[in-house]
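The structure under discussion appears below in the form of structure tokens.
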Amino acid sequence: MSLESIGTASDIYFTLLRNKMIDRDDDKIKPYLEDASIRETVNVLARKSGTQILEGVASVQMVVLPEGSLYATSFTHLRERFSSFQNKTEFNLVRFILMIYIAEIDSSLLTRSLAETDGMSFEKLVLTVDETFQALDENLNENTEKNWGIPIKQLMELWYLKDPKEDGKENFNPSTKTKQGLVLYAMRLLESEKVLRLFKEDEEYIIFPKEELYDRIEQIFHHSERFQHIKQLVKEIRKEGPHASN
Amino acid sequence: MLNPEIWDGYQERKQRLNPIFQFGEGMVLGEALNPYKHDILLMLLLEVFYRELKDDEGRTKDDLLLITQEIIEKLDIEATDQQIARIVDGILFSGQSNLRQPFIGKYFDSNKKAFQEQKYRYLVNDTNFRQKKLVYKLSDQSQSIIFMSREVLDELPIEFEQLYVIQLIRKGNLNSALKSIDVLLTKIKNDIYKEEDYRFNLKRDPKNVLYNARQQTKRREDFEKGLTERKDNFEKMRRLLEKLENVNEKNKFYASELEIRINQTYKYNEIFTNKVYENHALESKIRKNPKMLLGYKKRKNFKEELYENNILTGVLSEEELDVVLSSLFSPKQPIYFPFESIFIEQELVVERDEKLEMLVEDEENQEHSPRPKFDWEKIALYWKPIFESLLEDGLVKLSDIEDLNSWTKEAVELWVMFNTNKETIFTNTFKNHKDDCLQLIQTIVNLDKKYADKLQNKLFCTSVESDKSYVQYKGLIISPFVLHIKDKEGW
């Protein structure tokens, strides 16, 4: 392999690292899509640094591997910030909101869901979280609660205690004080990943997922090999994990 | 026994009619407004329709509110702000507005012998502006309301519509031609949207789309057949317009308007042609690269396999949740420091952060501190004669004001504000403005409604008298400003 093509490959790798993604129509990504050896080199570089390259419909993106990476992400950054004990439940709420949102917009790439064309308001997402917790609550008894890997009761109580949003405040920041503040926390995480857009209408945020988010969901969760890998990891953690005895 | 013919195309019929049946239903506006709601809504749709035709971006929710306000004034009826908000929410969403639900219409499916649901909206997001802001445009359903109400057959192909326009121009019926070319433009724009949709599907599901090869060839043949004809028709329209004889004053206006519109439509036709060719290029690219064809087959499902089976049953722990979630994130680019300087840099960063925080706090404080409250009505008393002579002469010189020294400081400062603003364009909003100059004009309009029409959409700007050196006000020296008023269009 020539020195020149290694140069091109590392150029693409570092551009991806800097920008998280490159548009498919961008000339910069052309050598990657057309030259098999450059593609392979970029993928090797990625694998060695604990990342992977996703070739999506809209763009080529770089994400970290599920088992962790050389690099930090904004998600791990946030996890550090919430590391103290009393905030743990709050961060679990952020995790839950992200999960619920992704499950909510998850659909086949082939059909455009309403969440994609019309957007979803924060109000609606808060309502969905409410409904999810209510449904969980009904099934929860002493036996089933034991199965939970996270203190779910605590989580629900914390959520129920919060107001939807602060009275009289129009501009709100990401905060753990209110339900909408927590939702904003979760959504800002994805917004900084450039995978969704937040619009404001009538002092209310509306979430529009970008094609890139669907690409990530599609390539990670709908991709059987990668999906099995995640499941495998989950299994391994469970064997070693603290609640393995349950 | 029912005639079997009634089921012929029954679903389509009902689906087309549902948006009309439900138009404005469920909107409770009180007895005073209810009889007018259909008029208001139809006017609102028409205004959005024409704004879209004219490439006007003023179609955000705030604009919709302003349009409704204007319509209600025009109709000379009373409505509160809440009622106006209710009207706009009611055309945008069904039910509670912050949940943004679509409208649901029921129709009877004669094959399945059961009622089915159809979801639709009157106004949908205009994807052209999705990068920047939320702009609305008419949905297919509301477009058909607009067209139906003019008895224009939607199915008429573009070439026929062009011939119709040509006929109308030939007969000298320019006003009707102008309206027909609007229909033509909408159809071409719809074709552009269709092409964009096709590209979207092609990218996401190339296999399925390309399999329908027969449909493909037909599509292409139709397009190529129409291509030259369309271009010729546009040429014909232009030539006819140029040759028009014995044009009276009224028709002259229509003719120039028609010329603009023909050029605009022609431009969109070009855009459409380009889009079709781009899609052809993409098609052959996919055919050439069979790997893309394999693409995106759905194999696993996040919602069912992970979310419902694992997360909602609660078997996942924090670490396990993180494995799932963190794989969605891109790495953050690390910051590289030379090893020795890490410690120095760290300190600097901390200091800088603190300073930055202080700066940010200062800025926030400034933003939140309320604007000094002026007594606008008092200031307006000084300015009212100025605006009167401004409307008469088109300009007012600061040096001509004799009793300037009896003015308050705030009132005099507005002269300077007009100068710093460079161009002030006034539109009547009935609300408070952030800009002091606009607030002044608004106050004057509020005090005396006769100014509302005269000052609407006017542009204010300043110049400086060259032959005077300065004007004195209580020991202060002010440049000899001249305030001008101009039409916004003439600028």
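The values are calculated or read from the model by the stated rules, or taken from the named source; none is laboratory data. As the structure is a prediction and not an experimental result, all values here were calculated from the model. Every residue, glycine as well, gets a Cβ built from its backbone with ideal geometry; the counts of neighbours run over all protein chains shown.
So here's what we get for this one:
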read-out: Given (1) modelled with pLDDT of 90 or more; (2) of a type in the set (D, E, K, R); (3) more than 21 Å from the chain's Cα centre (by Cα), number of the condition residue B:112 does not satisfy; value: (1)
read-out: Pair list, Cβ < 9 Å and 6+ apart or interchain, from the range B:27-39 residues that are over 16 Å from residue B:73 (Cβ atoms) and touching a residue at least 60 places away in the same chain (Cβ under 8 Å) to residues that are surrounded by 13 or more Cβ atoms within 10 Å (Cβ to Cβ) and of a type in the set (D, E, K, R); value: B:27/B:37; B:27/B:86; B:27/B:89
read-out: Filter pass, residue B:486 being closer than 21 Å to residue B:399 by Cα and within 31 Å of the chain's Cα centre (by Cα); value: yes
read-out: Number of positions in the range A:68-83 that are touching a helix residue (DSSP H, G or I) at 6+ places or on another chain (Cβ under 6 Å) and in contact (Cβ under 8 Å) with a residue 60 or more places away in the chain; value: 2
read-out: Residues (modelled with pLDDT under 80, touching a Ser or Thr at 6+ places or on another chain (Cβ under 9 Å) and under 18 Å from residue B:398 (Cα atoms)) located in the range B:421-462; value: B:421, B:422
read-out: Selected residue [closer than 22 Å to residue B:15 by Cβ and touching a residue at least 24 places away in the same chain (Cβ under 8 Å)] from B:137, B:113, B:133; value: B:137
read-out: Residue check, residue B:198 assigned to a helix (DSSP H, G or I) and buried (at least 17 other Cβ atoms within 10 Å of the Cβ); value: yes
read-out: Selection count where residues are in a loop (DSSP other than H, G, I, E, B), more than 14 Å from residue B:472 (Cβ to Cβ) and of a type in the set (A, V, I, L, M, F, W, C), scope the range B:387-426; value: 1
read-out: Qualifying residue in the range A:199-208 (condition: touching a residue at least 12 places away in the same chain (Cβ under 8 Å) and more than 12 Å from chain B (Cβ to nearest Cβ)); value: no
read-out: Among residues of the range A:62-101, those that are β-branched (Val, Ile, Thr) and assigned to a helix (DSSP H, G or I), counted; value: 5
read-out: Pick from the range A:40-61, criterion outside any strand (DSSP E or B) and in contact (Cβ under 8 Å) with a residue 24 or more places away in the chain, ranking: farthest from residue B:324 (Cα to Cα); value: A:41
read-out: Matching entry among B:454, B:449, B:468, B:422 (being free of Cβ contacts under 8 Å to residues at least 24 places away in the same chain and of a type in the set (Lys, Arg)); value: B:449
read-out: Residue ranges of helices (runs of 4 or more DSSP H) in the range B:247-344 with at least 2 members at pLDDT 80 or above, within 11 Å of another protein chain (Cβ to nearest Cβ) and over 30 Å from residue A:89 (Cα atoms); value: B:249-288
read-out: Residue list for the range B:18-65, filter: more than 21 Å from the chain's Cα centre (by Cα), under 24 Å from residue B:189 (Cα atoms) and surrounded by fewer than 17 Cβ atoms within 10 Å (Cβ to Cβ); value: B:20
read-out: Check on residue A:233, in a helix (DSSP H, G or I), more than 8 Å from every other protein chain (Cβ to nearest Cβ) and under 18 Å from residue B:320 (Cα atoms); value: no
read-out: Members of the range A:31-46 found to be charged (D, E, K, R) and modelled with pLDDT of 90 or more, listed by number; value: A:39, A:40
read-out: Condition broken by residue B:485, with the remaining ones in (1) out of contact with any Gly (no Cβ under 7 Å at 6 or more places or on another chain); (2) touching a residue at least 60 places away in the same chain (Cβ under 8 Å) satisfied; value: (1)
read-out: Filter result (over 16 Å from residue B:385 (Cβ atoms), touching a strand residue (DSSP E or B) at 6+ places or on another chain (Cβ under 9 Å) and in a helix (DSSP H, G or I)) within the range B:427-459; value: B:437, B:438
read-out: Selection count, the range B:192-202, where residues are among the hydrophobic types (A, V, I, L, M, F, W, C) and modelled with pLDDT of 85 or more; value: 1
read-out: Qualifying positions in the range A:57-84 - among the small types (Gly, Ala, Ser) and either facing another protein chain (nearest Cβ under 9 Å) or farther than 30 Å from residue A:3 by Cα (or both); value: A:58, A:68, A:69, A:72, A:74, A:83, A:84
read-out: Strands (runs of 3 or more DSSP E) lying entirely in the range B:17-128 (those with 2 or more residues that are within 14 Å of chain A (Cβ to nearest Cβ) and in contact with a Gly (Cβ under 7 Å, 6 or more places away or on another chain)); value: B:114-120
read-out: Count of residues meeting criterion [surrounded by 16 or more Cβ atoms within 10 Å (Cβ to Cβ) and either under 20 Å from the mean Cα position of the chain (by Cα) or under 17 Å from residue B:38 (Cβ atoms) (or both)] in the range B:115-127; value: 7
read-out: Where a residue in the range B:203-218 is at pLDDT 70 or above and its partner, wherever it lies, is hydroxyl-bearing (Ser, Thr, Tyr), with Cβ under 8 Å and at least six apart; value: B:204/B:296; B:205/B:296
read-out: Qualifying residue in the range A:173-196 (condition: in a strand (DSSP E or B), modelled with pLDDT of 85 or more and surrounded by 19 or more Cβ atoms within 10 Å (Cβ to Cβ)); value: yes
